[in-house]
Structures are given as structure tokens and as C-alpha cells.
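Student: Okay, handing you the structure first.
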Amino acid sequence: MVSNAARIAGRHFLQIPGPTPVPDRILRAMDMPTIDHRGPEFQKLGRRVLDGMKSIFKCAGPVIIYPASGTGAWEAALVNVLNAGDKVLMFETGHFATLWKNMALKLGLQPEFIASDWRIGTDPAAIEARLRADKSHEIKAVCVVHNETSTGCITHVGEIRKAIDAAGHPALLMVDTISSLASIDYRHDEWGVDVTVSGSQKGLMLPPGLSFNALSEKALAAARASTMPKLFWSWEEMLPHNKNGFFPYTPGTNLLYGLAEAIDMLHEEGLENVFARHDRHAEATRRAVTAWGLEILCREPKYYSSSLTAVLMPEGQNADDFRRIALEKFDISLGTGLTKLAGRVFRIGHLGDTNDLTILGALAGVEMGLGLAGVPHKKGGVQAAMDYLAAQAKKAA
Ligand SMILES: *Cc1c(COP(=O)(O)O)cnc(C)c1O
């Protein structure tokens, strides 16, 4: 029982799909005096992170770093390459795809939103069919969310690329990787993405406050022709400064120290190992959910997310009541259901700085919380996850 204690011992379990727990090593790396952002010491840091992020996006072109949340990087992607009234094609994977669509509308673009039920990722066939029908190439960009954080469904970006190419359509491809970068395999160049959007507080294990645009040559060419008003978000303002490791305005200096450390940590582990670890924790979580007899929101295994799992509550049960009890009794934060899914799902984040035992601790918190909240379920979820993780550990030995 932790609710009325003045101090809660141990670490809080921040099992939401972002922000994620910040490793001590990153906290220590940021614990530095803030330096002159026009001086030589900053220049080294600037070059290190601007260059280092290319290895995370797997791109050869420039990466822009904003002192802003992910929402800012969404806006930057749209205003740098498009023009007022442009049509953009989007797919309703869930809450975040809907927010990006609403932003496009507010900015004076014409988003076309392919409706879906929030239980799958983007359907490449639907994208291809719509682009084939757009004979006069009015659609200027296809915007998709790689990992829909509200539902736990991924979009296979390579398949979206193939769909655009199969339709012979010149639209730009823009991808939100805010909750997938450094957690789920991502390849900006190989998949022919023009603008990749990301943020600091999820797979990158940093506090909130930085966001990113990774750019292609085609995106840079579109930017030269774009007339949408912008200054803070303008790549044109940013890039000449970035060439020398600097920024046109004050950057998030201390967060950049943390970012340099995060990039090092990801490479020390190896990106492929980072992805495999996320895949493993996602599978362990799904085995637990299945053993509890609960339903995973994502309805097709090919769309399962390795960053988070959204779990449907049994009929008549409120997910937020359960989440509140789990927080009060076991000091664990689980993700809430967003908009359409409010009260109907809870989300287990398994991304960022996690290991087998933190996942098992989180699943134990969920299993005990379900019991205390009186949610009908079967026991044995944690056991199923342990069996799976132990078998994987044995295989790896
Ligand atoms: C978190 C998230 C956002 C919003 O990012 P903020 O940093 O909160 O502005 C957008 N898209 C996805 C997929 C996200 O997970």
C-alpha cells in the first residue's frame, strides 16, 4: 500500500508509451553547466548530435533538431514542404494520426483521411488505390504514423513506399516515428522516406523537449518551392547554421548532452539488439495478456507494435478505474485510453530503457492490479511471460 505514505521507496514504474524512464547515465550526462551555444565547445556537441542522429534514422541527408515536443516536428514537416491548399493523404490509424490530420487542416492544407477502426496499421492497398485514382497528382504527400501510440498498431513503411511506387505517384512520403525510433526497425533512406518526424522522450530515452525531422533530397527540393509561412520551423533558416554545428536560436543544450549519450548507448548495445529486445518484451507482454484472457486491441498480428500493447477491458469494466488502483497500490503508471478509446483500453509501454525484469515487474503490477480492481481475468500472465523470457534467454546463451 503506497497511497498515503510520505515517501514511496524504489523506482516508480513509468510504463506508459512515452515519456519513458530516463537512464541514470543520461541524467548524469545532462548534469552539466549550460555552455555558450556560439562557442567552440558547443560546436563539438552540435556536430556530434547532428551527425549521430543520422545513424539512428539511417539516413545520409540532414537531420533537424528542434527544442520542441514531437507536435512541433509534425508542424515543421508540413510547413516546410507543402503549399496552402495542398492535398495530403492520411490514414486513420488512431488518435495520433487524427491529431496530425487536424493540424494539416488548421494549417490550410486539405487532408484526405482514409477511415479505419483503430485496430490495424495503415493499409498499403488503400493507399495504392487512392493514389492510382489521383491521375492529376493533386495529392502532394502521404503521411503515416509508423507506430500508432494510441492503439499499438504499426504501419509497414516499406510497404507504403512500394504502394506509392506501384501507383507511379510522385507524392512525398512523411512518417511519424515519435514512438518507434530506436525501438522498432526503421530505415529512412532504404524506405525512401522524405520527411521522418520523431521526438526525444520515447525510444531515445530522453526527457521531453527535443524533436526531429530527417530529410531526403526530394524533401529539400520541395522545401525550396514551399511558400507556407514559417520561421522557427524553417529548414532554410536552420541548415546553414547546422553545417557548422550551430543553431540559429538557442538550442536545448543540456538535452543535447543527453542525446549524445543516448546515441552512444544505442550503438553500444547495437541497434539490431535494441530492436530484438523490444520485440521480445512485446511478445512477453502479449503472452501475459492472452493468458489473462484479455483481448489485444490490435486485431492482426502483422500490425503488432513492439513499443506498446493496448489491452481491451472486458465489457462493463472501466480501464481508468483499474489504472488508478494499479497506481495507488503498486506505483505503476499505465497508458490511458485516448479519445475514442477512453475507459475502454489501457496501454502497457514496453519501450526505451527496459529489461526482462522491469517488464516482468510491470506485468506483475498489472496482474495484481486487475485482481484488486475486480476485473475478471485468469491468473498466470506473469508466468507465461516468464516462461517465454526464460526460453529466449536460454536460446541466446
Ligand atoms: C507522443 C506522440 C506524439 C506527440 O508528441 P508530443 O511530444 O507529445 O508533442 C505524436 N505522435 C506519436 C505517434 C506519438 O507517440
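The values are calculated or read from the model by the stated rules, or taken from the named source; none is laboratory data. Being a predicted model, the structure only gives us computed values, none of them experimental. When we count neighbours, we look across all protein chains shown, and the Cβ atoms used for this are built from the backbone with ideal geometry, even at glycine.
Student: Suppose the filter is surrounded by fewer than 23 Cβ atoms within 10 Å (Cβ to Cβ) and on the phi > 0 side of the Ramachandran plot; does LYS58 pass it?
Tutor: On the way: surrounded by fewer than 23 Cβ atoms within 10 Å (Cβ to Cβ): yes; on the phi > 0 side of the Ramachandran plot: yes.
When the stated conditions are applied, LYS58 passes them.
Student: Considering only segment 279-293, I want to know if a residue exists there that is of a type in the set (Ser, Thr, Tyr) and either within 24 Å of GLU92 (Cβ to Cβ) or in the same structural domain as THR93 (by TED's automatic domain parsing) (or both).
Tutor: No, the conditions are met nowhere in segment 279-293.
Student: Let me ask another. Condition first: loosely packed, with under 15 Cβ neighbours inside 10 Å and outside any loop (DSSP other than H, G, I, E, B). Now tell me which residues in segment 111-135 satisfy that.
Tutor: First, the residues of segment 111-135 that are loosely packed, with under 15 Cβ neighbours inside 10 Å: 115, 117, 125, 129, 132-133, 135.
Across segment 111-135, the qualifying residues are ALA125, ALA129, ARG132, ALA133.
Student: Scanning segment 230-246 for residues that are of a type outside the set (A, V, I, L, M, F, W, C) and touching a residue at least 12 places away in the same chain (Cβ under 8 Å), which turns out farthest from LYS44 (Cα to Cα)?
Tutor: Narrowing segment 230-246 to residues of a type outside the set (A, V, I, L, M, F, W, C): 230, 234, 236-237, 240-245.
Then drop every residue that is not touching a residue at least 12 places away in the same chain (Cβ under 8 Å), which leaves 230, 234, 236, 242, 244-245.
Values: LYS230: 28, SER234: 23, GLU236: 22, ASN242: 12, ASN244: 9, GLY245: 7 Å.
Among those that are of a type outside the set (A, V, I, L, M, F, W, C) and touching a residue at least 12 places away in the same chain (Cβ under 8 Å), it is LYS230.
Student: For GLU269, all conditions in the list (1) in contact with a helix residue (DSSP H, G or I) (Cβ under 9 Å, 6 or more places away or on another chain); (2) in contact (Cβ under 8 Å) with a residue 24 or more places away in the chain; (3) farther than 21 Å from TYR388 by Cα hold save one; what is the number of the exception?
Tutor: Of the numbered conditions (1) in contact with a helix residue (DSSP H, G or I) (Cβ under 9 Å, 6 or more places away or on another chain); (2) in contact (Cβ under 8 Å) with a residue 24 or more places away in the chain; (3) farther than 21 Å from TYR388 by Cα, the odd one out for GLU269 is (2).
Student: Looking at this structure, is ALA326 hydrophobic (A, V, I, L, M, F, W, C) and within 30 Å of HIS156 (Cβ to Cβ)? Before you say what the answer is, go through the steps one by one.
Tutor: Details: hydrophobic (A, V, I, L, M, F, W, C): yes; within 30 Å of HIS156 (Cβ to Cβ): no.
It is false that ALA326 is hydrophobic (A, V, I, L, M, F, W, C) and within 30 Å of HIS156 (Cβ to Cβ).
Student: Also, quick follow-up: Would you tally the residues in segment 126-152 being closer than 25 Å to LYS340 by Cα and either free of Cβ contacts under 8 Å to residues at least 24 places away in the same chain or away from the ligand (no atom under 15 Å from the Cβ) (or both)? Spell out the reasoning first.
Tutor: Applying the first criterion (closer than 25 Å to LYS340 by Cα) to segment 126-152 yields 126-127, 142-152.
Keeping just the survivors that are either free of Cβ contacts under 8 Å to residues at least 24 places away in the same chain or away from the ligand (no atom under 15 Å from the Cβ) (or both) gives 126-127, 142.
Residues meeting the conditions: 3.
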